[in-house]
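Chemist: Before we start, here is the structure in question, set down as structure tokens.
The values are calculated or read from the model by the stated rules, or taken from the named source; none is laboratory data. Not measured: the values here are computed from a predicted model. Methodologically, a virtual Cβ is constructed for each residue, glycine included, from the backbone with ideal geometry; neighbour enumeration extends over all protein chains shown.
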Ligand SMILES: Nc1ncnc2c1ncn2[C@@H]1O[C@H](COP(=O)(O)OP(=O)(O)OP(=O)(O)O)[C@@H](O)[C@H]1O
Ligand SMILES: [Mg+2]
């Protein structure tokens, strides 16, 4: 059954009867606003014989409608219900998962920061591999041009044949290295992220890293604009993740702070991640293969530190 809202959004742009519109959507298999929000404008354009521009407007309006209600008032009972629906995604690092009550909770953004080579990407791949093993999907945005499919397979312990046949379509990588392109991709109305996410239904959305695209800017150069861009990106991810019970995992670089009396690290990206992330972890060097992961900020958990080792199968501890 094609929902009334789907017809309503469309009829503003077309001179067709509601029944005619519903019939076309029925053939396309589009029933809900989410379906329409996830559809490709070129397909809609072809099906109705309209311009792609008009079709893009229809999809954009569907997205707007579909994302309404995100800020509706909620009672404590509803909030507790919402929390009960949360899943946890294990990292596979035993001591870490134990502290976290099983792993990283969904409907959140988890930020992980650390210096180059600390293991941020390894951590992200490890979480992705766990989701894939459980039959879930992963949308992985690589801004560093550094993603290695071999390494993902190695960390997951998948054999290549298995990876191709059973996992192949459930892992989608997006390489976007430039800040404006990244922001455009995550634009809630015009960008491709939401449609892609609604089609793939990822259990985890990774951005590795959020800071790399913003590196060409100097520390104070266009800071408000950069902060707005990062906030826009993270809010789009958070919105998808809260509505679809998924996890947003975002890495950030930090640099050693030359001022030894101040903070040990200084942020490379604008600090909005700090405010938007529900849980924030740091990962630091302890030795050649040893690392320390620490929970630095959480609304409902005490801080902790675990020592881990970076191995061929990822982080272990
Ligand atoms: N197959 C492997 N076995 C063991 N360690 C590995 C393997 N592959 C990579 N590593 C280690 O992983 C580390 C790099 O980790 P990672 O790429 O996650 O760093 P990062 O924190 O993402 O750094 P950057 O900020 O540069 O992106 C290196 O120290 C490397 O030695
Ligand atoms: Mg990395």
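Chemist: Out of all the residues in segment 172-193, which are more than 16 Å from ligand 1 (Cβ to nearest atom) and assigned to a strand (DSSP E or B)?
Modeler: 172, 174
Chemist: Scanning for something in contact with a strand residue (DSSP E or B) (Cβ under 8 Å, 6 or more places away or on another chain) and loosely packed, with under 13 Cβ neighbours inside 10 Å, does segment 109-125 turn up at least one residue?
Modeler: Scanning segment 109-125, I find at least one residue that is in contact with a strand residue (DSSP E or B) (Cβ under 8 Å, 6 or more places away or on another chain) and loosely packed, with under 13 Cβ neighbours inside 10 Å, so the answer is yes.
Chemist: Would you check if residue 202 is part of a loop (DSSP other than H, G, I, E, B), away from ligand 2 (no atom under 16 Å from the Cβ) and touching a strand residue (DSSP E or B) at 6+ places or on another chain (Cβ under 6 Å)?
Modeler: yes
Chemist: Let me ask you something else. Which of the numbered conditions does residue 148 fail, given that it passes all the others? Conditions: (1) under 13 Å from the mean Cα position of the chain (by Cα); (2) within 16 Å of ligand 2 (Cβ to nearest atom).
Modeler: Of everything listed in (1) under 13 Å from the mean Cα position of the chain (by Cα); (2) within 16 Å of ligand 2 (Cβ to nearest atom), residue 148 misses just condition (1).
Chemist: Of (1) over 19 Å from residue 122 (Cα atoms); (2) in contact with a helix residue (DSSP H, G or I) (Cβ under 9 Å, 6 or more places away or on another chain), residue 207 satisfies all except one. Which?
Modeler: Tallying (1) over 19 Å from residue 122 (Cα atoms); (2) in contact with a helix residue (DSSP H, G or I) (Cβ under 9 Å, 6 or more places away or on another chain), residue 207 fails exactly one: (1).
Chemist: Out of (1) modelled with pLDDT of 95 or more; (2) closer than 13 Å to residue 247 by Cα, what's the single condition that is false for residue 86?
Modeler: With respect to (1) modelled with pLDDT of 95 or more; (2) closer than 13 Å to residue 247 by Cα, residue 86 is out only on (1).
Chemist: Scan segment 217-240 and give yes if some residue there is within 16 Å of ligand 2 (Cβ to nearest atom) and within 29 Å of residue 81 (Cβ to Cβ), otherwise no.
Modeler: no
Chemist: Given the condition within 16 Å of ligand 1 (Cβ to nearest atom) and at pLDDT below 90, answer yes or no: does some residue in segment 230-253 qualify?
Modeler: yes
Chemist: So which residues in segment 28-62 are touching a residue at least 12 places away in the same chain (Cβ under 8 Å), surrounded by fewer than 19 Cβ atoms within 10 Å (Cβ to Cβ) and assigned to a loop (DSSP other than H, G, I, E, B), if there are any at all?
Modeler: Matches in segment 28-62: 31, 32, 40, 50.
Chemist: Moving to a separate point now. Have a look at 224, 258 and point out the one that is exposed (fewer than 15 other Cβ atoms within 10 Å of the Cβ), modelled with pLDDT under 90 and either assigned to a helix (DSSP H, G or I) or in contact with a strand residue (DSSP E or B) (Cβ under 6 Å, 6 or more places away or on another chain) (or both).
Modeler: 224
Chemist: For segment 286-315, give me the residue count where each residue is farther than 18 Å from residue 115 by Cβ and either near ligand 1 (Cβ under 10 Å from one of its atoms) or outside the structural domain of residue 101 (by TED's automatic domain parsing) (or both).
Modeler: Matching residues across segment 286-315 total 4.
Chemist: Need the failing condition index for residue 75 against (1) exposed (fewer than 13 other Cβ atoms within 10 Å of the Cβ); (2) within 21 Å of residue 192 (Cβ to Cβ), just the number.
Modeler: Here residue 75 meets the rest and fails (2).
Chemist: List every residue pair whose Cβ atoms lie under 6 Å apart, where the two residues are 6 or more positions apart in sequence or sit on different chains, the first residue falls within segment 136-163 and is over 15 Å from residue 123 (Cβ atoms), and the second residue, located anywhere, is assigned to a helix (DSSP H, G or I) and within 11 Å of ligand 2 (Cβ to nearest atom).
Modeler: 143/212
Chemist: Check every one of the strands (runs of 3 or more DSSP E) wholly within segment 269-317 and list those with 3 or more residues that are in contact with a helix residue (DSSP H, G or I) (Cβ under 7 Å, 6 or more places away or on another chain), over 16 Å from residue 209 (Cα atoms) and at pLDDT 95 or above.
Modeler: Fully inside segment 269-317 and qualifying: 304-311.
Chemist: Going by what's in this entry, would residue 196 be described as closer than 22 Å to residue 229 by Cα, within 13 Å of ligand 1 (Cβ to nearest atom) and surrounded by fewer than 23 Cβ atoms within 10 Å (Cβ to Cβ)?
Modeler: No; evaluated as a whole, the condition is false for this residue.
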